[in-house]
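> Got a structure here, written out as structure tokens. Questions coming.
The values are calculated or read from the model by the stated rules, or taken from the named source; none is laboratory data. Quick caveat: nothing in here was measured; it's all calculated off a predicted structure. In this analysis, Cβ positions are derived from the backbone assuming ideal geometry, glycine residues included, and neighbour counts consider all displayed protein chains. SASA here: full protein model, heavy atoms, side chains in, ligands and nucleic acids out. Shrake-Rupley method; radii C 1.70, N 1.55, O 1.52, S 1.80 Å.
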Amino acid sequence: PDFFVQLLCMIFRAENDTNNSPPTEDEKARAHNAYELLGSFTRIPGSRDDDSVDTDELMAWVRQARELAIENNRIAICDERIGEVLAYAPIESVDNARPCIPVRCALEELGTEEMLSGFEIGFFNQRGAHWKSLDDGGSQERRLSQQFRDWAQASLVEWPKTAASLRRMAENYERDAARADAESQLRLT
């Protein structure tokens, strides 16, 4: 968590920073390198060798990172970036849904709006560039929407914050599917 927050401090100004002076070339270079490194952070804190996640270690890591971010006036961006990392959680073997239960617990207990937003951004970014034929319409997005709805259903009872976030992602993909269907229809006419 210390290194994570150090990276955030190199990249993002403090939330109460009124200094508008431009960064030096050295600060820009460090921020760029820190940003690249932070973007490569996809292993869930508390991960074991078998890719399972230790709930206690994850919760301790998140709490400590948040405390350090508060001390450094960067809690909002810290929460968002933690959420982005949590989006890389593995599938839970118990119910074959994402994220794994330790991450669901972390989001439920510690998940702020910023963290949940980052979680959604992280999932969206994982899709990356994608291709489809001109007449494909929204079929890919409908499959993704259904997958997120299934995962939301698996979280609904015990982890309602996680379920709500997964449902928002499903709804976004449904809107994307409708838009892609309309674009496809325009091309065919």
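> Identify, by number, the condition in (1) part of a loop (DSSP other than H, G, I, E, B); (2) within 18 Å of Arg63 (Cβ to Cβ); (3) open to solvent by 80 Å² or more (accessible area, probe 1.4 Å) that Thr18 doesn't meet.
(2) is the only condition that Thr18 fails.
> It is to be established whether one or more residues within region 85-95 are open to solvent by less than 60 Å² (accessible area, probe 1.4 Å) and over 14 Å from the mean Cα position of the chain (by Cα).
Yes - at least one qualifying residue is present in region 85-95.
> Quick one: is Asn72 buried (at least 16 other Cβ atoms within 10 Å of the Cβ), more than 19 Å from the chain's Cα centre (by Cα) and touching a residue at least 40 places away in the same chain (Cβ under 8 Å)?
Yes; evaluated as a whole, the condition is true for this residue.
> How about region 60-116: which of its residues are hydroxyl-bearing (Ser, Thr, Tyr) and modelled with pLDDT under 95?
Across region 60-116, the qualifying residue is only Ser93.
> Among the residues in region 125-144, are any buried (at least 19 other Cβ atoms within 10 Å of the Cβ), at pLDDT 95 or above and of a type in the set (Gly, Ala, Ser)?
Checking region 125-144: not a single residue is buried (at least 19 other Cβ atoms within 10 Å of the Cβ), at pLDDT 95 or above and of a type in the set (Gly, Ala, Ser).
> Quick check on my filter: what residues within region 131-155 are in a helix (DSSP H, G or I) and of a type in the set (A, V, I, L, M)?
Leu144, Ala152, Ala154
> Give the number of residues within region 114-130 that are assigned to a loop (DSSP other than H, G, I, E, B) and of a type outside the set (A, V, I, L, M).
Residues flagged as assigned to a loop (DSSP other than H, G, I, E, B) and of a type outside the set (A, V, I, L, M) within region 114-130 amount to 2.
> For region 99-107, does any single residue satisfy the condition of being among the charged types (D, E, K, R) and open to solvent by 10 Å² or more (accessible area, probe 1.4 Å)?
For region 99-107, residues among the charged types (D, E, K, R) and open to solvent by 10 Å² or more (accessible area, probe 1.4 Å): absent.
> A further question on this structure: Could you count how many residues in region 30-55 are part of a loop (DSSP other than H, G, I, E, B), open to solvent by 40 Å² or more (accessible area, probe 1.4 Å) and acidic (Asp, Glu)?
Residues meeting the conditions: 3.
> Checking Trp61 against (1) closer than 24 Å to Ile11 by Cβ; (2) in contact with a helix residue (DSSP H, G or I) (Cβ under 8 Å, 6 or more places away or on another chain), which single condition isn't satisfied?
Every listed condition holds for Trp61 apart from (2).
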